[in-house]
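The values are calculated or read from the model by the stated rules, or taken from the named source; none is laboratory data. Keep in mind it's a predicted model, so treat the numbers as computed, not measured. Note that we place each Cβ from the backbone using ideal geometry, even for glycine, and neighbour counts take in every protein chain shown. To get the accessible areas, we keep the full protein, side chains included, count just its heavy atoms, and leave off ligands, DNA and RNA. Shrake-Rupley method; radii C 1.70, N 1.55, O 1.52, S 1.80 Å.
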Amino acid sequence: MPLKTNYSFHIYKNANELPEKWNEVAVNNIFLSKKYLQVLDESSPKNMTCHYIALFKNEELVGVAITQSLNLTDVSSFGVNKSCIKSKLRDFAFRNFAANVLFIGNNMLTGQNAYCFSNNIEIKEGLSILKKAVSQLKIDLKKAGIKIHITSFKDFTVSESDHFKINGFRKYFQFSTQPNMVFTNDDLWENENDYVTALSKKYRDHYKRARKKSEMVSKRQMSLEEIRENESKINELYFNVTKNAPFNTFYLAEHHFANLKEILHDKFLFYGYFIEDKLIGFNTMIINGSALDTYFLGYDDEHQKEKMLYLNMLYDMIGYSITKKYSKLIFSRTALEIKSSVGAKPIQMVGFISHSNSLINKYIGKLFGYFDPEVTWIERNPFK
């Protein structure tokens, strides 16, 4: 007679408490590794609390997951432009009906960074147990005085979303957000010149113009010591970009980049852009297996416009990914059209969301469309 399968879960508040074999299950995703989770423990945004979930099958670790609860009332600004009535209404609604949001996944990234399951559990089984763990976590948070208004599983490709077609997710609304922009390298490319040669004349001219504009700008990878020495300026440049977003659900902690470099070492790349000795911008990338994930960046407005700094950063990241033979470069969402103009392709992403209030949840599809309107943009094809 076969043994009865016993499933269980455990919720952890600290990465140092995770099971010994956690990394063996999370092996294919650095963003679920103990080291990256340790970074979140030490320097996650002030309004964010992380929990880590381990799933067991007959006492064997078969799944790992991350959740992030955010208190939106602790965010000082949802965006600088507060003038229009729609923005004020949206901010009021967020603060009063969506103050506490629980993400199953990583709200600081784009892509499926919510969970990893071993080969010893079916994905739908794992999701069913994970949902039970999330329900328990919400009970625990409520006991601690935190009532979760919105629960969201994010970000999944259309094919990955098929796994959520099980009973436990019938009350969740499936939504689609801005796509994940992914640049895929051609196996025949050896360096950045091969990429430029593959561009059509129009976009090759764009490339040459951008490179000429940045001739006085030098770029170098910065060490941990240099990141710490320039921390104040780095935070200023980061915030200069972030403040222009329509609204923000978090702001990075002051020492976040230094902690990433200290813990991830060569897996975290920090490039500074200088005119003479003045830091005018930076970009960051994280090595995730055969892929490169772009992370946060910053720049000042004057040099961004004059030196076409953002576009040059995109070219630099593409060049690095080609030279180092990474299969793809995850550009994330936002700035869709300019990323498309350098060759990134949109990957549709979906998520699942529910509200604690049954009446609001009934109309959450319509409300979601109001608060997250579709972005109109034109997809470009820069290649011959």
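Overview of results
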{"read-out": "Single match in K278, K233, K213, K243 (criterion: surrounded by fewer than 18 Cβ atoms within 10 Å (Cβ to Cβ), free of Cβ contacts under 8 Å to residues at least 40 places away in the same chain and not hydrophobic (A, V, I, L, M, F, W, C))", "value": "K278"}
{"read-out": "Checklist (1) farther than 23 Å from D155 by Cα; (2) in a strand (DSSP E or B) applied to D316, failing item", "value": "(2)"}
{"read-out": "Condition met for F250 (hydrophobic (A, V, I, L, M, F, W, C), more than 23 Å from H206 (Cβ to Cβ), outside the structural domain of G111 (by the TED database) and modelled with pLDDT under 95)", "value": "yes"}
{"read-out": "Those residues of segment 153-174 which are within 30 Å of M313 (Cβ to Cβ) and either open to solvent by less than 30 Å² (accessible area, probe 1.4 Å) or outside the structural domain of M108 (by the TED database) (or both), in sequence order", "value": "K154, D155, F156"}
{"read-out": "Matching residues, segment 181-210, being touching a residue at least 40 places away in the same chain (Cβ under 8 Å) and within 25 Å of the chain's Cα centre (by Cα)", "value": "M181, V182, F183, T184, N185"}
{"read-out": "Residue in segment 255-271 that is farther than 26 Å from V27 by Cβ and in contact with a strand residue (DSSP E or B) (Cβ under 7 Å, 6 or more places away or on another chain) present", "value": "yes"}
{"read-out": "Meets criteria (in the same structural domain as D300 (by the TED database) and open to solvent by less than 30 Å² (accessible area, probe 1.4 Å)) for L224", "value": "no"}
{"read-out": "Candidate set: segment 73-103, residues that are touching a helix residue (DSSP H, G or I) at 6+ places or on another chain (Cβ under 6 Å) and at pLDDT 70 or above; chosen: the one surrounded by the most Cβ atoms within 10 Å (Cβ to Cβ)", "value": "A99"}
{"read-out": "Residue satisfying condition, being touching a helix residue (DSSP H, G or I) at 6+ places or on another chain (Cβ under 8 Å) and farther than 25 Å from I322 by Cβ, within set T249, T284", "value": "T249"}
{"read-out": "Residue match in segment 365-379 (condition: among the β-branched types (V, I, T), under 23 Å from N28 (Cα atoms) and either at pLDDT 95 or above or open to solvent by 30 Å² or more (accessible area, probe 1.4 Å) (or both))", "value": "no"}
{"read-out": "Odd one out for L109 among (1) outside the structural domain of L55 (by the TED database); (2) open to solvent by less than 70 Å² (accessible area, probe 1.4 Å)", "value": "(1)"}
{"read-out": "Selection from segment 1-51 of residues that are more than 23 Å from S128 (Cβ to Cβ), assigned to a helix (DSSP H, G or I) and open to solvent by 50 Å² or more (accessible area, probe 1.4 Å)", "value": "N16, E17, N23, K34, K35, Q38, D41, E42"}
{"read-out": "Some residue of segment 240-247 being of a type in the set (F, W, Y) and not in a loop (DSSP other than H, G, I, E, B)", "value": "no"}
{"read-out": "Index of the failed condition, K325 passing every other in (1) part of a helix (DSSP H, G or I); (2) of a type in the set (D, E, K, R); (3) at pLDDT 95 or above", "value": "(1)"}
{"read-out": "Top-ranked residue of segment 211-239 - restricted to ones that are assigned to a helix (DSSP H, G or I) and closer than 14 Å to M308 by Cα, ranked as nearest to the chain's Cα centre (by Cα)", "value": "R211"}
{"read-out": "Residue in segment 136-149 that is closer than 19 Å to K57 by Cβ and surrounded by fewer than 21 Cβ atoms within 10 Å (Cβ to Cβ) present", "value": "yes"}
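Conditions (1) under 17 Å from P179 (Cβ atoms); (2) touching a Pro at 6+ places or on another chain (Cβ under 6 Å); (3) open to solvent by 30 Å² or more (accessible area, probe 1.4 Å), marked per residue:
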site: L311; (1), (2), (3): no, no, no
site: M317; (1), (2), (3): no, no, no
site: K328; (1), (2), (3): yes, no, yes
site: R333; (1), (2), (3): yes, no, yes
site: L336; (1), (2), (3): yes, no, no
site: I347; (1), (2), (3): yes, yes, yes
site: G351; (1), (2), (3): yes, no, no
site: H355; (1), (2), (3): no, no, no
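A quick yes/no check of all residues on (1) among the small types (G, A, S); (2) farther than 24 Å from I330 by Cβ; (3) not assigned by the TED database to the domain that holds E262:
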site: N14; (1), (2), (3): no, yes, yes
site: E17; (1), (2), (3): no, yes, yes
site: K21; (1), (2), (3): no, yes, yes
site: N28; (1), (2), (3): no, no, yes
site: L37; (1), (2), (3): no, no, yes
site: E60; (1), (2), (3): no, yes, yes
site: A65; (1), (2), (3): yes, no, yes
